[in-house]
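Taking it in order: structure first as structure tokens, then the write-up.
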Amino acid sequence: MNPTAPPPTAVHLSPDASPLHPPSVMHNSRVLSSLGTLSACFSGLIAGLLGLTNLSGFFLYLVSAAFTSLVLGAVKCNFNISRYVPQANSALGSGVPGAEGSGPKGQEWKGWWALSGVGQENLLGFLLFWIGSYAFIHVYD
């Protein structure tokens, strides 16, 4: 603690203030983004090597994203998603206390969705590796 710092104001003690430390949130977001991208690229490589086409390749992408989300939630977050993923704490609920989606438990699915990494940047990485490895291995089949 800094003894010369001013005492905490009402803003610092406000219940509306976020309990998340911004540098830690940025670091966690970068790590989770990198892991999601690597998972998508490796699943695209596997889909191409196995020769999967059409919906079977996309099914592999969704299964690998769900598996990655489960592993990250278990290993890195210890199933406490709201502590490590800022999307699980978003206040986009209905605003009615006690309504579904208004509390941290109702918002937890957003944290799992963020952990899964199902998004445009990961999907494009998956497609890049899927098409590239499929074309490289199965070009003369």
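Read-outs throughout are calculated quantities, based only on the coordinates presented, and are distinct from any laboratory measurement. All figures in this text were calculated on a predicted structure; none of them were measured in a lab.
Quick notes
- The HN-Hα couplings worked out from phi for segment 43-55 by the Karplus form 6.51 cos²θ - 1.76 cosθ + 1.60 (θ = phi - 60°) are 5, x, 5, 5, 4, x, 5, 6, x, 6, 10, 6, 5 Hz, whole numbers, x standing for Gly and Pro.
- The phi-based Karplus calculation (6.51 cos²θ - 1.76 cosθ + 1.60; θ = phi - 60°) puts the 3J(HN,Hα) values of segment 129-135 at 6, 5, 5, x, 6, 5, 5 Hz, whole numbers, x for Gly and Pro.
- Stretch gain in nm, segment H138-F67, where the contour uses 0.36 nm per residue and the Cα spacing is subtracted: 22.9 nm
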